[in-house]
Structures are given as C-alpha cells and as structure tokens.
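Participant: Okay, here's the structure, questions in a sec.
The values are calculated or read from the model by the stated rules, or taken from the named source; none is laboratory data. Quick caveat, the model's predicted, so the values are computed rather than measured. Here the Cβ positions follow ideal geometry from the backbone for every residue, glycine too, while neighbour counts run over all protein chains shown. Note: areas computed on protein heavy atoms with side chains; ligands, DNA, RNA excluded. Shrake-Rupley method; radii C 1.70, N 1.55, O 1.52, S 1.80 Å.
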Amino acid sequence: TQLLEQSPQFLSIQEGENLTVYCNSSSVFSSLQWYRQEPGEGPVLLVTVVTGGEVKKLKRLTFQFGDARKDSSLHITAAQPGDTGLYLCAADPGGSQGNLIFGKGTKLSVKP
Amino acid sequence: EADIYQTPRYLVIGTGKKITLECSQTMGHDKMYWYQQDPGMELHLIHYSYGVNSTEKGDLSSESTVSRIRTEHFPLTLESARPSHTSQYLCASSELGGDLYEQYFGPGTRLTVT
C-alpha cells in the first residue's frame with residue numbers, strides 16, 4: 001500500500017514566523033499536489049509539482065519536489081492568520097487514471 | 001474559480017432513512033469522485049466515474065451507491081443510513097485527459113446519523 005506521511009501533524013505558530021511542513025513516501029510519484037482545506041470547506045488546490053527537484057513559489061509559499069520524486073516540502077515565509085488551515089499533499093501513483101492518494105494533512109494554526 | 005456544488009451542506013438524520021447527497025459541476029469535467037473524510041484521517045475514495053453511465057468503487061468499501069446520468073451530476077445515495085455513516089462527504093471533479101489530474105472539490109456535506 002502506498003502511503004503519504006505528513007509531518008508535523010499539528011503546528012501552532014505566531015504571525016510572522018516561518019515554517020516548513022513535509023510530505024514523505026517510499027514510493028515514486030509522477031506528480032504531487034498540495035491542497036489547503038479550511039474548516040467546513042473542501043480542499044483547494046495550491047500547486048502541482050511534476051519534475052524531480054522542482055521548486056514552485058506562490059506568494060509566500062514555496063513548494064519543492066524531491067529529486068527522487070518521493071517527497072515534497074511546503075515552506076511558508078512570514079505566516080499570517082489567513083494561512084490557517086489543513087494542508088494536504090496528494091500524489092498520483094501512476095496508472096490510476098487520476099485516482100490520487102492523500103496524506104492525513106498538517107493542521108496549521110497561525111495566531112495573531 | 002472552480003464551480004462544483006454540494007447540497008445539503010449539513011444533514012442530521014435518523015437511522016434507517018434513505019438519503020441522497022447531491023453534487024454538480026459546471027466545468028464539463030468527465031471524471032468525478034466521492035471521498036469520505038473523518039477528523040485526523042486521510043481522504044478515502046469511495047466512488048468515482050469516468051463519465052456518463054460509468055461508476056466504479058473506490059479504495060474504501062462503502063454501502064452507498066452512485067449514478068452518473070448526466071456529465072454534470074454525480075449524486076450519492078444511502079438506502080438506509082446508520083450511525084457508522086456519520087462523516088464528511090466530499091465531491092470532486094477533474095479533467096480526464098492530461099497528466100496532472102488536478103482535482104476540484106465541492107464544499108462538502110457533513111452527515112450525522114443519529
């Protein structure tokens with residue numbers, strides 16, 4: 001069974017701090033996605049990474065795909081209360097025609 | 001902005017009742033999905049569809065059923081609700097072609113069976 005392990009499970013920080021969350025697996029993926037889910041809502045796609053070593057930036061969020069395409073990280077610079085939410089990684093294991101596997105997520109709380 | 005809708009948003013219902021959770025999307029996506037999400041757990045795929053008249057069971061066994069009579073509509077039905085069905089149900093859609101399989105989610109239905 002392919003698993004995506006996310007860490008940390010919970011993270012509570014003050015506004016302005018930097019943070020990094022991780023998504024790891026022993027499997028190789030053809031692509032990996034990050035979603036953010038706010039309470040009472042569905043996940044919203046943030047980014048898709050495809051190439052090993054790829055780095056993508058979305059304002060204060062930096063996403064990196066590992067060289068071996070087994071892991072990924074999400075770094076947030078100068079976190080704001082609006083960044084609060086559940087961050088989920090999801091991956092296409094290949095051959096599944098779009099059936100992604102999801103991690104359990106990192107629950108981030110940014111206090112003002 | 002993704003256009004995928006779910007109704008109702010919240011539902012509290014007694015054991016044994018039949019319920020249908022509605023999901024509609026206006027993006028013309030061929031592939032649609034139903035997930036079950038419990039606190040602290042992964043999203044579990046319970047049903048998916050490649051297009052009209054196509055329905056498949058997902059990784060997590062579910063007593064629910066789905067139908068796909070129209071591209072934009074993918075309802076989920078529970079014939080006889082039980083407390084074990086209490087969960088958050090999320091509907092999503094994606095394009096069928098291409099390599100990225102980016103999924104667009106609805107806001108979810110929070111189901112409580114008493």
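Participant: Those residues that are among the acidic types (D, E) and within 13 Å of B:I13 (Cβ to Cβ), I need them from the range B:48-87; list them, please. Working first, answer last.
Facilitator: Taking the range B:48-87 and keeping what is among the acidic types (D, E), we get B:56, B:59, B:63, B:72, B:79.
Correct list: B:E79 only.
Participant: Would you mind finding the one in B:S84, B:S62 that is more than 20 Å from B:Y5 (Cα to Cα), assigned to a helix (DSSP H, G or I) and without any contact (Cβ under 8 Å) to a residue 40 or more places away in the chain?
Facilitator: B:S84
Participant: Additional query: Being open to solvent by 30 Å² or more (accessible area, probe 1.4 Å), at pLDDT below 95 and not aromatic (F, W, Y) is the filter here, so list the residues in the range B:43-52 that pass it.
Facilitator: B:H44, the sole residue that qualifies.
Participant: Examine the range B:28-40 for a residue that is farther than 21 Å from A:E38 by Cα, modelled with pLDDT under 95 and open to solvent by 30 Å² or more (accessible area, probe 1.4 Å), and state whether such a residue exists.
Facilitator: Within the range B:28-40, one or more residues are farther than 21 Å from A:E38 by Cα, modelled with pLDDT under 95 and open to solvent by 30 Å² or more (accessible area, probe 1.4 Å).
Participant: Take the residues in the range A:1-38 that are open to solvent by 50 Å² or more (accessible area, probe 1.4 Å) and among the β-branched types (V, I, T); name whichever of them is nearest to the other protein chains (Cβ to nearest Cβ).
Facilitator: Within the range A:1-38, the match that is nearest to the other protein chains (Cβ to nearest Cβ) is A:T1.
Participant: Please specify each residue of the range A:39-81 satisfying the condition of being polar (S, T, N, Q) and either open to solvent by less than 70 Å² (accessible area, probe 1.4 Å) or modelled with pLDDT of 95 or more (or both).
Facilitator: At the first step, the residues of the range A:39-81 found to be polar (S, T, N, Q) are A:48, A:51, A:62, A:64, A:72-73, A:77, A:80.
Of everything in the range A:39-81, those that are polar (S, T, N, Q) and either open to solvent by less than 70 Å² (accessible area, probe 1.4 Å) or modelled with pLDDT of 95 or more (or both) turn out to be A:T48, A:T62, A:Q64, A:S72, A:S73, A:T77, A:Q80.
Participant: Could you please give the count of residues in the range B:10-35 that are touching a strand residue (DSSP E or B) at 6+ places or on another chain (Cβ under 6 Å) and more than 16 Å from B:A81 (Cβ to Cβ)?
Facilitator: The number of residues fulfilling the criteria is 8.
Participant: Where residues in the range A:39-91 are in contact (Cβ under 8 Å) with a residue 24 or more places away in the chain and of a type in the set (S, T, N, Q), which of them is nearest to the other protein chains (Cβ to nearest Cβ)?
Facilitator: A:S72
Participant: If I ask for residues that are at pLDDT below 95 and loosely packed, with under 14 Cβ neighbours inside 10 Å, which ones from the range B:61-77 would you list?
Facilitator: Within the range B:61-77, B:S61, B:E63 meet the criteria.
Participant: Related question: When you look at A:F10, is it within 15 Å of A:T106 (Cα to Cα) and either hydrophobic (A, V, I, L, M, F, W, C) or in contact with a Gly (Cβ under 7 Å, 6 or more places away or on another chain) (or both), yes or no? Full working, then the answer.
Facilitator: Details: within 15 Å of A:T106 (Cα to Cα): yes; either hydrophobic (A, V, I, L, M, F, W, C) or in contact with a Gly (Cβ under 7 Å, 6 or more places away or on another chain) (or both): yes.
It is true that A:F10 is within 15 Å of A:T106 (Cα to Cα) and either hydrophobic (A, V, I, L, M, F, W, C) or in contact with a Gly (Cβ under 7 Å, 6 or more places away or on another chain) (or both).
Participant: How about the range B:26-59: which of its residues are of a type outside the set (G, A, S), in a loop (DSSP other than H, G, I, E, B) and in contact (Cβ under 8 Å) with a residue 40 or more places away in the chain?
Facilitator: Within the range B:26-59, B:T26, B:M27, B:H29, B:D30, B:D38, B:L43, B:Y50 meet the criteria.
Participant: Could you check B:R110 against (1) more than 10 Å from chain A (Cβ to nearest Cβ); (2) open to solvent by 40 Å² or more (accessible area, probe 1.4 Å); (3) in a strand (DSSP E or B) and say which number it fails?
Facilitator: Every condition holds for B:R110 apart from (1).
Participant: Something else: Please give the number of the condition B:T20 fails out of (1) in contact (Cβ under 8 Å) with a residue 24 or more places away in the chain; (2) part of a loop (DSSP other than H, G, I, E, B); (3) of a type in the set (S, T, Y).
Facilitator: Result: B:T20 passes all but (2).
Participant: Within the range B:97-106, which residues are out of contact with any Cys (no Cβ under 9 Å at 6 or more places or on another chain) and either under 22 Å from B:L11 (Cα atoms) or surrounded by 14 or more Cβ atoms within 10 Å (Cβ to Cβ) (or both)?
Facilitator: B:L100, B:Y101, B:E102, B:Q103, B:Y104
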